[in-house]
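The values are calculated or read from the model by the stated rules, or taken from the named source; none is laboratory data. In this text, all values refer to a predicted model and were calculated from it rather than measured experimentally. Every residue, glycine as well, gets a Cβ built from its backbone with ideal geometry; the counts of neighbours run over all protein chains shown.
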Amino acid sequence: MRRLPWRRHSAHTAAMASGTDNPYRLLPAVDEVLRDPGVAPLARDVGRAVLRTFAQRLVEGWREEIRAGELDSSGLQARLAEGGLGAAMGDLVQRDRARGIRRAVNVSGVVLNTGLGRAPVHPEVAARMEEVAGSFCVLEVDRVSGERNRRDDRISELLARLVGCEAGIAVNNNAGAALLTMHALATGQEAVVSRGELVEIGGSFRVPEVMAAAGVRLVEVGATNRTRISDYEAALTAETGLLMKVHPSNFRVVGFTSEVDPAAMAELGRRHEVATAWDLGSGLIELPSMKALGERVGGETEVAEAVDSGVDVVTFSGDKLLGAPQAGLCVGRREAIERLRRDPMYRALRCDKVALAGLEATLELLLAGRGDELPSRRMLLAQPEELAPSAGRVAEGLLALGFQAKVEDGQSQPGSGSAPGVFLAGPIVRVVDPSRSAATLAGALRALDPPVFARIHDDAVQLDPRTLLEGDEEALLEAFGRLAPQREG
Ligand SMILES: *Cc1c(COP(=O)(O)O)cnc(C)c1O
């Protein structure tokens, strides 16, 4: 039998200790753990090699506890009782699994939460995505002629109907859309951008750095708070390939400000035969039936308006205000979009069949006038009185479980830099567990399966019903049920 290092160590330590209550002697060998009838079947889930490392980790962990004086013979005996090894190993397997991408309950009130995957798609959209994921699909072939065609031809048509562009293409995300636009229209040349728009969005997207990655030389014009069209004009040289505007996203310049009118920028570009682009970011697609959303998210430029300005290419995210799967969309003039499509970077940034199917389905819902059914939009549109019943049920459920809970007036946020500074009024449930701090309670909620993500405010956990999806309310109360406060007596 192979002697494992921990065995030698155990024998050595056991020799030093004396008596029958030496806990080291009770430590099982890794092979014994693996042979346990409650453990062996776990190999089917994770594979034998991984299960062995878990067994080593388990025994090593117990050894540490003994060494630290936190585990004695009777404690260890209890853990080794009938089914104990299976349960302990099952727990390790389960905790490892829980580290992956899983459903989560978002009760934070931040609708487009990048950490939680931004916009959840409509159930019909999810069904279309699931259908093509597990099957062959018509992706790049014309089903009448049998000839090759382009995977996002349909997206282009749908976008044309929806926002009035001549053409559009889809890539992996809006960072990719901006990178592709800069590369296709101006690599090896100069791009002119206002100093007020050289922003960083969400940590890793910085306009100057993306420009550099696209091989474009950035020419900054104007001042942080004010830039005029004459600043753009004065910067034009024979080297200029692009005039660009960038939505400052989660950053605002207020007070004595002026930014360049996109229509004036487009006109200047046409006059000098220089391409123009506008990175719009969140991409609000508005139909007359959904005017209310525009008012709620506070003056975001609609994609159709941006296209109307005459700028060659407008870019925006699929999974922010649009409510589709993760994607970046480039829309605008046919000739410019064709240049993007011919760029080698497009091939590296294009979407897969699942994302494209989800995008098509979302755009179709919008065209059918069903955009307000999209979960993220429904959340953004919800009025306080629509959320009140859910808040009431949650508070009641929590009180029944022994928590202190009460409904208060609160605020939710669109998130992901969409409509910064906009707060949506609505009820929130304030929960206190007298036996632990708000941070401890919030941490315990995140550790459950499905994990629950709540906000902490004023030493209390806050639950915002705005971001709950179908079935989440039950999952939320079940989660709290598992953490119910220890009552005295
Ligand atoms: C969000 C945003 C991006 C990045 O988009 P992703 O879809 O997250 O890649 C780029 N530009 C602007 C203006 C944005 O708001």
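If I ask for residues that are touching a Pro at 6+ places or on another chain (Cβ under 9 Å) and more than 18 Å from Gly415 (Cα to Cα), which ones from segment 240-257 would you list? If you could, list the steps in order and put the result at the bottom.
Residues of segment 240-257 that are touching a Pro at 6+ places or on another chain (Cβ under 9 Å), as a first pass: 245, 248-252.
Hit for segment 240-257 is Lys245, nothing else.
Can you find a residue that is in contact with a Phe, Trp or Tyr (Cβ under 9 Å, 6 or more places away or on another chain) and either within 30 Å of Gln94 (Cβ to Cβ) or within 16 Å of the ligand (Cβ to nearest atom) (or both) anywhere in segment 447-460?
Yes.
Table: residues versus (1) farther than 30 Å from Ala391 by Cβ; (2) modelled with pLDDT of 95 or more; (3) surrounded by 15 or more Cβ atoms within 10 Å (Cβ to Cβ).
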{"residue": "Leu42", "(1), (2), (3)": "yes, yes, yes"}
{"residue": "Glu64", "(1), (2), (3)": "yes, yes, no"}
{"residue": "Ala68", "(1), (2), (3)": "yes, yes, no"}
{"residue": "Leu85", "(1), (2), (3)": "yes, yes, yes"}
{"residue": "Arg97", "(1), (2), (3)": "yes, no, no"}
{"residue": "Ala104", "(1), (2), (3)": "no, yes, yes"}
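Give the residues of segment 306-325 that are closer than 15 Å to Asp279 by Cβ and assigned to a helix (DSSP H, G or I), sorted by residue number.
Of everything in segment 306-325, those that are closer than 15 Å to Asp279 by Cβ and assigned to a helix (DSSP H, G or I) turn out to be Ala306, Val307.
Condition first: closer than 14 Å to Met345 by Cα and β-branched (Val, Ile, Thr). Now tell me which residues in segment 152-177 satisfy that.
Matches in segment 152-177: Ile169, Val171.
Tell me, yes or no, whether segment 360-382 has at least one residue that is within 16 Å of the ligand (Cβ to nearest atom) and at pLDDT 95 or above.
Looking through segment 360-382, at least one residue is within 16 Å of the ligand (Cβ to nearest atom) and at pLDDT 95 or above.
Scan segment 242-258 for residues that are over 30 Å from the mean Cα position of the chain (by Cα) and closer than 14 Å to Trp278 by Cα and report the count.
Within segment 242-258, residues that are over 30 Å from the mean Cα position of the chain (by Cα) and closer than 14 Å to Trp278 by Cα number 2.
If a residue must be assigned to a helix (DSSP H, G or I) and either within 12 Å of the ligand (Cβ to nearest atom) or not hydroxyl-bearing (Ser, Thr, Tyr) (or both), how many such residues does segment 326-354 contain?
Residues of segment 326-354 assigned to a helix (DSSP H, G or I): 334-342, 344-349, 353-354.
Pick out the ones that are also either within 12 Å of the ligand (Cβ to nearest atom) or not hydroxyl-bearing (Ser, Thr, Tyr) (or both) and you get 334-342, 344-345, 347-349, 353-354.
The number of residues fulfilling the criteria is 16.
Filtering segment 144-157 down to residues that are at pLDDT below 95 and in contact with a strand residue (DSSP E or B) (Cβ under 8 Å, 6 or more places away or on another chain), which residue is nearest to the ligand (Cβ to nearest atom)?
Per the stated criteria, the residue is Asp152.
When you scan segment 419-489 for strands (runs of 3 or more DSSP E) that lie fully inside it, which ones turn up with 3 or more residues that are modelled with pLDDT of 95 or more?
424-432, 460-463
Consider only pairs whose beta carbons are under 9 Å apart and that are at least six residues apart or on different chains; among these, list those whose first residue lies in segment 242-267 and is modelled with pLDDT under 80 and whose second residue is of a type in the set (D, E, K, R) and part of a loop (DSSP other than H, G, I, E, B).
Val253/Glu259
Starting from residues that are buried (at least 24 other Cβ atoms within 10 Å of the Cβ), in a strand (DSSP E or B) and among the β-branched types (Val, Ile, Thr), keep the ones in segment 158-206 and report whichever is nearest to the ligand (Cβ to nearest atom).
Val171
Specify the residue that is farthest from the ligand (Cβ to nearest atom); the eligible residues are those in segment 232-250 that are aliphatic (A, V, I, L, M) and out of contact with any Leu (no Cβ under 6 Å at 6 or more places or on another chain).
By that ranking, first place goes to Ala238.
Being within 16 Å of the ligand (Cβ to nearest atom), of a type in the set (A, V, I, L, M, F, W, C) and part of a helix (DSSP H, G or I) is the filter here, so list the residues in segment 111-140 that pass it.
Passing the criteria: only Leu116.
Are any residues in segment 251-265 within 16 Å of the ligand (Cβ to nearest atom) and either over 19 Å from Ser309 (Cα atoms) or outside any helix (DSSP H, G or I) (or both), and if so, which ones?
Phe251, Arg252, Val253, Glu259, Val260
Identify all residues within segment 418-464 that are polar (S, T, N, Q) and touching a residue at least 40 places away in the same chain (Cβ under 8 Å); write none if there are none.
As a first pass, look at segment 418-464 and keep what is polar (S, T, N, Q): 418, 435, 437, 440, 462.
Of everything in segment 418-464, those that are polar (S, T, N, Q) and touching a residue at least 40 places away in the same chain (Cβ under 8 Å) turn out to be Ser418, Ser435, Gln462.
Of all residues being assigned to a helix (DSSP H, G or I) and among the basic types (Lys, Arg) in segment 95-110, which is nearest to the chain's Cα centre (by Cα)? Just the residue, please. Spell out the reasoning first.
The first filter runs over segment 95-110 and keeps only residues assigned to a helix (DSSP H, G or I), leaving 95-97.
Right, trim to among the basic types (Lys, Arg) and you get 95, 97.
Numbers: Arg95: 22, Arg97: 19 Å.
That would be Arg97.
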